[in-house]
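*Asks:* Below you will find the structure I want to go over with you.
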Amino acid sequence: MAEEVKLFRTWSSPVALRVIWALELKGIPYEVILEDLSNKSSLLLQYNPIHKKVPVLVHNGKSIAESLVILEYVEETWKQTPLLPEDPYERAMERFWAKFGDDKVLPSLWNVFNKQGKDQEEAIVPAQENLTYLEELLRGKIFFSGERIGFLDLAFGWLANMVSVFEEVMGATVLDNQKLPSLSAWMKNFMDAPIIKESWPPRDKLITKYQALREARIEKEAPK
Amino acid sequence: MAKNDDVKVLGAWPSPFVMRARIALNLKSIDYEFLEETIGSKSQLLLQSNPVHKKVPVLIHGDKPICESLIIVQYIDEVWTSAPSILPSDPYDRAIQRFWAAYVDDKLFASMRQIKSLEGEEKKAMVEQATEGIVLLEEAFEKCSKGKPFFGGDRIGYLDIAFGSILGWLRATEKMGEVKLLDEAKTPRLVKWAGRFCADGAVKDCMPETDKLIELAKVLMAKMKGAPPKQ
């Protein structure tokens, strides 16, 4: 039976990239359906009626949503180039830190991004604390998953690109290379890794997009 | 028993998340020591074994701590591979159960727990949000159960554990808020499922009593009202 794999993504979604990386690393052919979230296709709404977001993976007509759920599905369906370790404890650790990334690290960085002045200074503190956990996780390792890119690297992959975009847009530093040398090194290694390096959205487009987003948000929060 | 086989659960009786770990261990017939945290304080052991979140549950297997309830449930399923399986074997069925378990945590439980402190239009809107979510789970139940008693089929599985563990608080919210969340008319299958879940051998000893939860909620709400405003 011919395998049919489709992936709904937007040009910029960092979490959709997780699925692209997994499919590419495993050498699985797939078709991309590019979405514009301000004008969602009827197919997207059909395949992800609950959240109406990207990414959505459609495999032989069956749809799966939520990027980390999709990653586990890809891992379990196509066994080549395993992304998760075999040991249950190691697997639990990768899942724990992936959740930490989504529940704590990302929101804390958004919190810095959406603010300015004193509010931003205050927001930087918890963001840096969260990044310090990642620094400790990486000690002695090239990638979060060890010698090769794995599940946890894909879960944190957005950091490699988005932190520098955010910092350029904000004109502020969150990630101090001197204080977080392992994390800085990981970002560079991941950014330039084969397969990964071909996947990044155009940086100038990202800067434009996030500049506009930040201006809109700051204006919204400003006292009238 | 070798040290590596020691199983402890750090928990608290009202927590639905702690229940999940206990139900999973019960399903696998694993003996464990339940170390109950005092509500309002955190033990040294908790702070040491979950320094990142400082929350229960923590599963301590031998000398390894595992945190986050659904991650603990998956760990238990992967370490103790004897029947019953908690997650189904088919990757698509697993993905569906993981999707809905995340929905329970990120959307349903979050909206449900706000209801008891809301009034008027705000309360009405939150109740509507929660009941819509439960209607979605009724549809999911139809698809997952395929005519069998549980989301997991013949026996309790991952999504039964994820959703069923919040039934105590769901009932407490219904009583305190004087609202109906699990409705015979809208979600008849789930009403029956809830009865079966709560009566299950792996569940009934760790499901907290609704009235005790209500008592606790009132104490906590009073404390919060008396506390200085949060920054």
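The values are calculated or read from the model by the stated rules, or taken from the named source; none is laboratory data. Just so it is clear, the structure is predicted and the values come from calculations on it, not from any experiment. Note that each Cβ is placed from the backbone with ideal geometry, even for glycine, and that neighbours are counted across all protein chains shown. We work out accessible area using only protein heavy atoms, side chains counted, and drop any ligands, DNA or RNA first. Shrake-Rupley method; radii C 1.70, N 1.55, O 1.52, S 1.80 Å.
*Asks:* In the range A:70-83, which residues are crowded, with 18+ Cβ neighbours inside 10 Å, touching a helix residue (DSSP H, G or I) at 6+ places or on another chain (Cβ under 6 Å) and more than 8 Å from chain B (Cβ to nearest Cβ)?
*Replies:* A:LEU71, A:VAL74, A:LEU83
*Asks:* A follow-up question, please. Among the residues of the range B:45-76, which ones are part of a helix (DSSP H, G or I), surrounded by 21 or more Cβ atoms within 10 Å (Cβ to Cβ) and of a type outside the set (A, V, I, L, M, F, W, C)?
*Replies:* Result: B:SER69, B:GLN74, B:TYR75.
*Asks:* Further, regarding this structure: Just to check your reading of the model, which residue among A:SER145, A:SER108, A:SER67 is of a type in the set (Gly, Ala, Ser), within 14 Å of chain B (Cβ to nearest Cβ) and either closer than 30 Å to B:TRP80 by Cβ or in contact with a Gly (Cβ under 6 Å, 6 or more places away or on another chain) (or both)?
*Replies:* Working: A:SER145 fails: within 14 Å of chain B (Cβ to nearest Cβ); A:SER108 fails: either closer than 30 Å to B:TRP80 by Cβ or in contact with a Gly (Cβ under 6 Å, 6 or more places away or on another chain) (or both).
Among A:SER145, A:SER108, A:SER67, only A:SER67 is of a type in the set (Gly, Ala, Ser), within 14 Å of chain B (Cβ to nearest Cβ) and either closer than 30 Å to B:TRP80 by Cβ or in contact with a Gly (Cβ under 6 Å, 6 or more places away or on another chain) (or both).
*Asks:* May I pose another question? Restricting attention to the range B:145-159, does a residue exist that is among the polar types (S, T, N, Q), modelled with pLDDT under 95 and either out of contact with any Pro (no Cβ under 7 Å at 6 or more places or on another chain) or not assigned by TED's automatic domain parsing to the domain that holds B:ALA202 (or both)? Steps first, please.
*Replies:* Narrowing the range B:145-159 to residues among the polar types (S, T, N, Q): B:145.
Checking the rest, the ones that are also modelled with pLDDT under 95 come to none.
No.
*Asks:* Taking only the range B:6-38 into account, find how many residues are over 15 Å from the mean Cα position of the chain (by Cα) and open to solvent by 80 Å² or more (accessible area, probe 1.4 Å).
*Replies:* So the count comes out to 5.
*Asks:* Now for a separate question. Let me spell it out: the conditions are (1) open to solvent by 40 Å² or more (accessible area, probe 1.4 Å); (2) in contact (Cβ under 8 Å) with a residue 12 or more places away in the chain; (3) within 14 Å of chain B (Cβ to nearest Cβ), and A:ASP103 meets all of them except one. Which number is the exception?
*Replies:* Among (1) open to solvent by 40 Å² or more (accessible area, probe 1.4 Å); (2) in contact (Cβ under 8 Å) with a residue 12 or more places away in the chain; (3) within 14 Å of chain B (Cβ to nearest Cβ), the lone unmet condition for A:ASP103 is (2).
*Asks:* Of B:LYS175, B:LYS180, B:LYS186, which residue is part of a helix (DSSP H, G or I) and more than 19 Å from B:GLN97 (Cα to Cα)?
*Replies:* B:LYS175
*Asks:* Which of the numbered conditions does B:TRP100 fail, given that it passes all the others? Conditions: (1) outside any helix (DSSP H, G or I); (2) touching a residue at least 40 places away in the same chain (Cβ under 8 Å); (3) open to solvent by 10 Å² or more (accessible area, probe 1.4 Å).
*Replies:* (1) is the only condition that B:TRP100 fails.
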